[in-house]
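The structure appears below as structure tokens.
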Amino acid sequence: MRKFPIALTVAGTDPTGGAGVLADSKAFHSRGVYGMAAVTSLTAQNTRGVQDVYNIPAEFLERQLHSIFSDEVPHAMKSGMIATVEMMEVIMETVEKYDIPYVIDPVMIATSGDALIEERSIEFLRDSLLPVAMNVTPNIHEAEKITGQEIRGEADVRKAAKIFLKELGLQSVIIKGGHLDGDAVDYLFTGDDEVAVGESRIDTKHTHGTGCTFSAVITAELAKGKTMEESFRTAKKYITSAIKNSPGIGKGNGPVNHFSFKGE
Ligand SMILES: Nc1ncnc2c1ncn2[C@@H]1O[C@H](COP(=O)(O)OP(=O)(O)O)[C@@H](O)[C@H]1O
Ligand SMILES: Cc1ncc(COP(=O)(O)OP(=O)(O)O)c(N)n1
């Protein structure tokens, strides 16, 4: 394992610290990885919803990434909220230039239902950004939006995965089942292999930032040199513990607990 693994998140802010770059850097730190962050959007949000969004100009995102990569190349990176096509182009160019493991959390809407990216960005995400990633971690809604495939259960998950791998050019995809009925089962598809990991559904409203945290743990593990399957299994254990032990902060859908997972 690397002595000082470095992971980078390229995402938006949540000033209450439940989602976005703050959640990602808590997860990086908790997994023993040095975290870096380039900010795409500033949001005014809390556990009750998103009140406002300010998108950073794409040129300034480019400057942040230049500052990072010209000094130290991270061992893995993830992206979260990328509101505009222009910002996606900047990220795509960086990944193509440095060729590091890149995980996309294709954030579209917050738990509160508020839109976080422009509608026209979804097409660019699907056709241009996804193909440069090592993995994408859509929730059910995001997988439906990207593939055009309705997902009601496991058979539909498999059909959607086939589209990600065979038509959209991904090496692997993790479709998260947090929004399906029953147990919380997530599915990793890599070529012809499929790994499903399920946990009992936790009865809670405190799931703000679960997607950010899950993909950040995967990125942290990849930065250490772990395989995609190992990273996926660790992320699933981490998020289950983090939801179970949620600190109950805020009046709405609260954040998860980054201190609770003690596993390797
Ligand atoms: N109530 C829950 N109980 C247990 N695990 C959950 C619950 N809700 C979400 N998860 C898990 O949290 C992670 C994030 O999933 P999901 O909620 O589907 O994504 P997102 O946060 O992007 O909407 C997944 O591993 C999912 O299985
Ligand atoms: C700045 C910012 N980025 C992402 C999200 C959505 O986060 P996600 O982890 O998908 O969490 P929930 O949908 O579970 O909130 C956000 N709210 N803000």
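The numbers here are math on the coordinates, done by the rules we state, and not lab data. Because the structure is predicted, anything quoted here is derived from the model rather than measured. Please note: Cβ atoms are built from the backbone with ideal geometry, for glycine as well, and neighbour counts cover all protein chains shown.
Entry note, the chain: relative contact order of 20 percent, from Cα contacts under 8 Å with a spacing of 6+ residues. Applying the criteria of a DSSP loop state and at most 16 other Cβ atoms within 10 Å to the chymotrypsin sites (Phe, Trp or Tyr not before Pro) of region 234-264 yields PHE259. Each Lys and Arg Cβ is given +1 and each Asp and Glu Cβ -1; about its Cα centre, the chain then shows a dipole of about 980 debye.
Determine the dipole magnitude for region 72-216: charges of +1 sit on the beta-carbon of Lys and Arg, -1 on that of Asp and Glu, nothing else is charged, the reference point is the Cα centre, and the result goes in debye to the nearest 20. Walk me through the intermediate numbers first.
Numbers: 13 positive and 26 negative charges, 33 e Å.
Taking the Cα centre of region 72-216 as origin, the dipole is about 160 debye.
Close amide-amide hydrogen proximity is noted between HIS208 and GLY254, each under 5 Å apart and 5 or more residues distant or on a separate chain (H modeled in the peptide plane; Pro and chain starts excluded).
Taking the number of Cβ atoms within 10 Å of each Cβ as an exposure proxy, the fewest-first ranking of ARG158, ARG233, ARG2 is ARG2, ARG158, ARG233. The ranking of PHE189, PHE28 from fewest to most other beta carbons within 10 Å of each one's beta carbon is PHE189, PHE28.
Hull surface divided by four, with the convex hull built on the Cα atoms of the chain: how many nm²?
Numbers: hull surface 49.5 nm².
Across all orientations, the chain yields a mean hull projection of 12.4 nm².
For the peptides 116-123, 133-140, residues were scored by their other Cβ atoms within 10 Å and the scores averaged per peptide; the highest-first order is 133-140, 116-123.
Mind checking region 18-62 for trypsin sites (Lys or Arg not before Pro) that DSSP puts in a loop (not H, G, I, E or B) and that have at most 15 other Cβ atoms within 10 Å? Filter output for region 18-62: ARG48. Along the charge dipole of region 62-183, Cβ charges K/R +1 and D/E -1, which of HIS66, VAL95, LEU168 sits furthest on the positive end? It is LEU168, whose Cα lies furthest towards the positive end.
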